[in-house]
2 protein chains.
Amino acid sequence: MKPIKVGLLGIGTVGSGVFHVLQRNQQEIMRRAGRGIEITMIAARNTERARKICGDTIQVVAQASDVVNNPEIDIVVELIGGYETARELVLQAIANGKHVVTANKALLAIHGNEIFKAAQEKGVMVAFEAAVAGGIPIIKALREGLTANRIEWIAGIINGTTNFILSEMRDKGLSFQEVLKQAQELGYAEADPTFDIEGVDAAHKATIMASIAYGIPMQFDKAYVEGITQLEAVDIQFAEELGYRIKLLGIAKRVAEGVELRVHPTLVPAKRLIANVEGAMNAVLVQSDAVGTTLYYGKGAGSEPTASSVIADLVDVTRLATADPEHRVPHLAFQPDAISNLPILPIEEVTTSYYLRMHVEDRPGVLADVTRILADLTISIDAMLQKEPGDGATRTDIIILTHQTKEKNIIAAIEKIEQLATVSGKVTKLRLEELN
Amino acid sequence: MKPIKVGLLGIGTVGSGVFHVLQRNQQEIMRRAGRGIEITMIAARNTERARKICGDTIQVVAQASDVVNNPEIDIVVELIGGYETARELVLQAIANGKHVVTANKALLAIHGNEIFKAAQEKGVMVAFEAAVAGGIPIIKALREGLTANRIEWIAGIINGTTNFILSEMRDKGLSFQEVLKQAQELGYAEADPTFDIEGVDAAHKATIMASIAYGIPMQFDKAYVEGITQLEAVDIQFAEELGYRIKLLGIAKRVAEGVELRVHPTLVPAKRLIANVEGAMNAVLVQSDAVGTTLYYGKGAGSEPTASSVIADLVDVTRLATADPEHRVPHLAFQPDAISNLPILPIEEVTTSYYLRMHVEDRPGVLADVTRILADLTISIDAMLQKEPGDGATRTDIIILTHQTKEKNIIAAIEKIEQLATVSGKVTKLRLEELN
């Protein structure tokens, strides 16, 4: 059979990885796919730089639309990132009857519904394994490996930059700002790290996972997003003393009233495997009713790890390119006519456990006031840590771990605790998940 | 579309799991598969017991051949285990044009080549996600998720019984025999645990993984198989002191000369995630050239975890049942005409590191003799531990960790060391993998 023809949009970090891996492993990939997969055209802003990577045998163009509109191309691989231009190019490729492979989580989290609808109508595939957790085949696991299951929750370390920062803060006892600076110098964080450190990137990925786990449309605007920029080294240390690690988790959870979709720093028991995922690595923990707990671990970013997922998609699409659409795995795991309208809950309605740290006067009665406020709101206490005040100090820290409660109860409790005359400043609140 | 009709052979632990999960999650599964999946016939030795599980609406028969020869059945699910009867039934089902789903690793490791050939000729699918690592979708990950990669090695904890025993031996400092007895009482080990504790079950699974990783025929007879029955508690303890845990690993590794395929107790650095997989859990670590390290973790056995994989296969087969065979994922990951003849190496040609423990006289010169023997065979030492002799004792233990070498060198060294007058008894040899 003649090779399938692929056009690349963008040949930066991931694009060059795709090019090199396809070239290096072409024999092995062809033995698997049963058909050659050939990059025949590349669009790059800097065509000269692109030619240095791919040589003279491949057509390099400056206009992405030249690839998208080229009738010779079977599959368009979108690796330019961003929302708007990518959206237009992907929709144009679909309109032209081309299959699309993309690593663009922002694009899918925001415009996924429109893109999948267009693809469905046109009978083409949009594959996006590389959009979540880089090289880990987590989309395939959720969408195909766990089809028997009712998925209860997913909790993922799905942003390597923030996991690296948290690992370093813990290991070296440094502040967020100090580690961020180091991470930028080492290339583990971008010059503008906002999307990573504010949790937006993780929320894009969690949005995609929630959709394929529960068969709901992409609803990034309903996700609760809290990054790690406010996290203090002292809380990492207190958490450690209580037997927990702090990880930035993307969480999707099915509850009676709907779906929780949230990204925030989270205390996790130190003995859990996922609590021991360090540095820039990613891991996704899935709890489902038949299989129980499964975990998927690997590199969440980087040139060749991400290329690994892009090429896996290329092989899948190649196998099914000429097949009846009914034989294909649906974009959101569930058939398009079986998508559900389960609501995504506002954060106030989310149920979890909490870590509270408050700075108090070291005198009798303070703790009684705090525990009475919690009890009045039916919040029960799981563990408590009261630090000895330093020499000559009259104030100290109280740390409380609560059992599960709704966020709105904790918000009400914190408001009252902060009004106590014996408590100074703000109460620090972190969420805690047992993940068992 | 009308539902696809499934016949079950066997309704024991896994079969009843398949029945219950399909029933409980039928809506969710249909929303994913786009078509109903209906068990319409069950073969069971004890038909009365079977009817108690599945009720009156499903036809229960005593003869498995009645299912296999029923023209109404689209997919046969083989869950009876064993080699010979299962082989005949599966081949008959294929001859009758039915797709087959099986959880039977022994069957595939021994008769897989014959079965896949028959399926290929008949244009039907044989799916076997449940045959390796129970509920973990590792076959899908290797066969579809990592298609871009040249897989360097796979190391798996793929037998829950032995991992449970090893965890207990370490935690409680008990002997193999003591823990085995407890495991049997708790139902974690079978009445006849031979296949588990001798490593045969793990070797079946490693054989299957090696085939799909490297596109080679199933060659169980060439696998090196060593179980945990000879493992002494003292070695678990010494390994711990040196920073290692002992796990029964199934290993498939591609080297210049061919493929290593081996199952044996293995020292693994304690800081590796896989070293912390405890109890009856399974995990598979895969090292490949593009994505690097990925790890897959979950329950490796049990009714519903295994059913999860069987049903995932049913959904896959349902989607592709009427598709052109060329659109399907090949049985052994590589196209049938692209299977390779890479040889599986005999254990003497395998390269790894070693843990050696010897009982020696506590006097000068002993260590010099041992190290000279190792040096003469170009085996270099990575670490050493010499225990202080107990009160009044004149003999002690020396533990040596070597760098990588070929097994034949270690065999030669041990032969010479055992001849030293200062060394008493046998040298204990365990293999060590850094897994990095």
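The values are calculated or read from the model by the stated rules, or taken from the named source; none is laboratory data. In this text the structure is predicted, and so the values were computed from the model without any measurement. So basically every Cβ, Gly included, is an ideal-geometry build from the backbone, and we count neighbours across all protein chains shown.
If you check B:Ile115, B:Ile136, which single one turns out to be within 14 Å of chain A (Cβ to nearest Cβ) and buried (at least 21 other Cβ atoms within 10 Å of the Cβ)?
When all the criteria are applied, what remains is B:Ile136.
Do you know which residues across segment B:1-56 are at positive phi, away from every other protein chain (no Cβ under 14 Å) and crowded, with 16+ Cβ neighbours inside 10 Å?
Listed by number, the list holds a single entry, B:Gly10.
Looking at segment A:139-156, which of its residues are aliphatic (A, V, I, L, M) and within 10 Å of another protein chain (Cβ to nearest Cβ)?
A:Ile139, A:Ala141, A:Leu142, A:Leu146, A:Ala148, A:Ile151
Give the residue that is surrounded by the most Cβ atoms within 10 Å (Cβ to Cβ), with candidates limited to residues of segment A:274-283 that are in a loop (DSSP other than H, G, I, E, B) and of a type in the set (A, V, I, L, M).
Among them, the one singled out is A:Val277.
Considering only residues of segment A:149-168 that are β-branched (Val, Ile, Thr) and assigned to a helix (DSSP H, G or I), which is farthest from A:Ala213 (Cα to Cα)?
Filtering segment A:149-168 down to residues β-branched (Val, Ile, Thr) leaves A:151, A:154, A:157-158, A:161-162, A:165.
If we keep only those that are assigned to a helix (DSSP H, G or I) too, we end up with A:161-162, A:165.
Working: A:Thr161: 25, A:Thr162: 24, A:Ile165: 29 Å.
Checked segment A:149-168; the qualifying residue farthest from A:Ala213 (Cα to Cα) is A:Ile165.
Would you pick out the residues in segment B:197-228 that are assigned to a loop (DSSP other than H, G, I, E, B), over 13 Å from the mean Cα position of the chain (by Cα) and within 18 Å of B:Ile347 (Cβ to Cβ)?
Correct list: B:Ile216, B:Gln219, B:Ile228.
Looking at segment A:57-87, which of its residues are surrounded by fewer than 20 Cβ atoms within 10 Å (Cβ to Cβ) and among the small types (Gly, Ala, Ser)?
Listed by number, the residues that qualify are A:Ala62, A:Ser65, A:Gly81, A:Gly82.
Cβ-Cβ below 9 Å, separation at least six or inter-chain, first residue in segment A:284-297 and more than 7 Å from chain B (Cβ to nearest Cβ) and surrounded by fewer than 24 Cβ atoms within 10 Å (Cβ to Cβ), second assigned to a strand (DSSP E or B) and basic (Lys, Arg): which pairs?
A:Gln287/A:Lys253
Residues in segment A:88-109: is at least one surrounded by fewer than 24 Cβ atoms within 10 Å (Cβ to Cβ), of a type in the set (A, V, I, L, M, F, W, C) and in a loop (DSSP other than H, G, I, E, B)?
no
When A:Val76 is evaluated against the numbered criteria (1) closer than 15 Å to A:Gly10 by Cβ; (2) within 21 Å of the chain's Cα centre (by Cα), which criterion, by number, is the only one it fails?
(2)
Is there a residue in segment A:200-207 that is farther than 16 Å from A:Gly134 by Cβ, assigned by TED's automatic domain parsing to the domain that holds A:Arg254, buried (at least 16 other Cβ atoms within 10 Å of the Cβ) and of a type in the set (Ser, Thr, Tyr)? Quick ask: steps written out before the conclusion?
In the first step, residues of segment A:200-207 are kept if they are farther than 16 Å from A:Gly134 by Cβ; the result is A:200, A:203, A:207.
Pick out the ones that are also assigned by TED's automatic domain parsing to the domain that holds A:Arg254 and you get A:200, A:203, A:207.
Of the ones still in play, those that are also buried (at least 16 other Cβ atoms within 10 Å of the Cβ) are A:200, A:203, A:207.
With of a type in the set (Ser, Thr, Tyr) added as a condition, the list becomes A:207.
The answer is yes; a qualifying residue exists.
So which of B:Ile379, B:Ile344 is more than 8 Å from every other protein chain (Cβ to nearest Cβ), farther than 30 Å from A:Gly302 by Cα, under 19 Å from the mean Cα position of the chain (by Cα) and not acidic (Asp, Glu)?
Just one listed residue meets the conditions, B:Ile344.
Tally the residues that are out of contact with any helix residue (DSSP H, G or I) (no Cβ under 6 Å at 6 or more places or on another chain) and more than 8 Å from chain B (Cβ to nearest Cβ), restricting the search to segment A:329-339.
Within segment A:329-339, residues that are out of contact with any helix residue (DSSP H, G or I) (no Cβ under 6 Å at 6 or more places or on another chain) and more than 8 Å from chain B (Cβ to nearest Cβ) number 2.
Give me the pairs, please: first residue somewhere in segment B:332-353 and farther than 23 Å from B:Val268 by Cβ, second residue anywhere and in a loop (DSSP other than H, G, I, E, B) and modelled with pLDDT under 95, beta-carbon distance under 6 Å, and either six or more positions apart or on two chains.
Pairs that qualify, where the first residue is farther than 23 Å from B:Val268 by Cβ and the partner is in a loop (DSSP other than H, G, I, E, B) and modelled with pLDDT under 95, are B:Gln335/A:Gly34.
So how many residues does segment B:304-328 have that are more than 7 Å from chain A (Cβ to nearest Cβ) and buried (at least 19 other Cβ atoms within 10 Å of the Cβ)?
Counting residues in segment B:304-328 that are more than 7 Å from chain A (Cβ to nearest Cβ) and buried (at least 19 other Cβ atoms within 10 Å of the Cβ) gives 8.
Do we have any residue at all in segment A:139-149 that's under 13 Å from the mean Cα position of the chain (by Cα), under 22 Å from A:Phe220 (Cβ atoms) and surrounded by 23 or more Cβ atoms within 10 Å (Cβ to Cβ)?
If we filter segment A:139-149 for residues that are under 13 Å from the mean Cα position of the chain (by Cα), which is where we start, we get A:139.
If we keep only those that are under 22 Å from A:Phe220 (Cβ atoms) as well, we get A:139.
Among the residues that remain, those that are also surrounded by 23 or more Cβ atoms within 10 Å (Cβ to Cβ) are: A:139.
Taking every residue of segment A:139-149 in turn, at least one turns out to be under 13 Å from the mean Cα position of the chain (by Cα), under 22 Å from A:Phe220 (Cβ atoms) and surrounded by 23 or more Cβ atoms within 10 Å (Cβ to Cβ).
Would you mind stating whether B:Ser353 is closer than 28 Å to B:Gly250 by Cβ, loosely packed, with under 14 Cβ neighbours inside 10 Å and either within 36 Å of the chain's Cα centre (by Cα) or not assigned by TED's automatic domain parsing to the domain that holds B:Val255 (or both)?
Details: closer than 28 Å to B:Gly250 by Cβ: yes; loosely packed, with under 14 Cβ neighbours inside 10 Å: no; either within 36 Å of the chain's Cα centre (by Cα) or not assigned by TED's automatic domain parsing to the domain that holds B:Val255 (or both): yes.
So B:Ser353 fails the test.
Being closer than 15 Å to B:Ile410 by Cα and surrounded by fewer than 15 Cβ atoms within 10 Å (Cβ to Cβ) is the filter here, so list the residues in segment B:369-386 that pass it.
B:Arg372, B:Ala375, B:Asp376, B:Thr378, B:Ser380, B:Ile381
Consider only pairs whose beta carbons are under 6 Å apart and that are at least six residues apart or on different chains; among these, list those whose first residue lies in segment B:410-436 and is modelled with pLDDT of 95 or more and whose second residue is basic (Lys, Arg).
If the second residue must be basic (Lys, Arg), the pairs left are B:Thr428/B:Arg357; B:Leu435/B:Arg272.
Output the strands (runs of 3 or more DSSP E) that fall wholly within segment A:380-436 and possess 2 or more residues being among the basic types (Lys, Arg) and within 30 Å of A:Trp153 (Cα to Cα), or say none.
Strands (runs of 3 or more DSSP E) meeting the threshold: A:423-432.
Count, please, the residues in segment B:335-368 that happen to be part of a helix (DSSP H, G or I) and touching a strand residue (DSSP E or B) at 6+ places or on another chain (Cβ under 8 Å). Give the steps one after another, and end with the answer.
Going through segment B:335-368, the residues part of a helix (DSSP H, G or I) turn out to be B:336-338, B:347-349, B:366-368.
Now restrict to residues that are touching a strand residue (DSSP E or B) at 6+ places or on another chain (Cβ under 8 Å): B:347-349, B:366-367.
Total meeting the criteria: 5.
Is at least one residue of segment A:135-151 touching a Gly at 6+ places or on another chain (Cβ under 7 Å) and aliphatic (A, V, I, L, M)? Working first, answer last.
Applying the first criterion (touching a Gly at 6+ places or on another chain (Cβ under 7 Å)) to segment A:135-151 yields A:135-137, A:140.
Still in the list and also aliphatic (A, V, I, L, M): A:136.
Yes, some residue in segment A:135-151 is touching a Gly at 6+ places or on another chain (Cβ under 7 Å) and aliphatic (A, V, I, L, M).
Hey, can you tell me all the residues within segment B:24-69 that are assigned to a helix (DSSP H, G or I), among the small types (Gly, Ala, Ser) and under 28 Å from A:Ala213 (Cα atoms)?
B:Ala33
Which of the residues belonging to segment B:213-258 are under 19 Å from B:Lys406 (Cβ atoms) and buried (at least 22 other Cβ atoms within 10 Å of the Cβ)?
Selection gives B:Ala223, B:Leu249, B:Ile251, B:Ala252, B:Lys253.
Within segment B:170-183, is there a residue that is hydrophobic (A, V, I, L, M, F, W, C) and in contact (Cβ under 8 Å) with a residue 60 or more places away in the chain?
no
So if I check each of A:Val366, A:Val427, which one is touching a helix residue (DSSP H, G or I) at 6+ places or on another chain (Cβ under 9 Å) and either not assigned by TED's automatic domain parsing to the domain that holds A:Val259 or not aromatic (Phe, Trp, Tyr) (or both)?
A:Val427
Answer yes if at least one residue in segment A:169-176 is over 17 Å from the mean Cα position of the chain (by Cα), more than 14 Å from chain B (Cβ to nearest Cβ), in a helix (DSSP H, G or I) and within 30 Å of A:Ala321 (Cα to Cα), and no otherwise.
no
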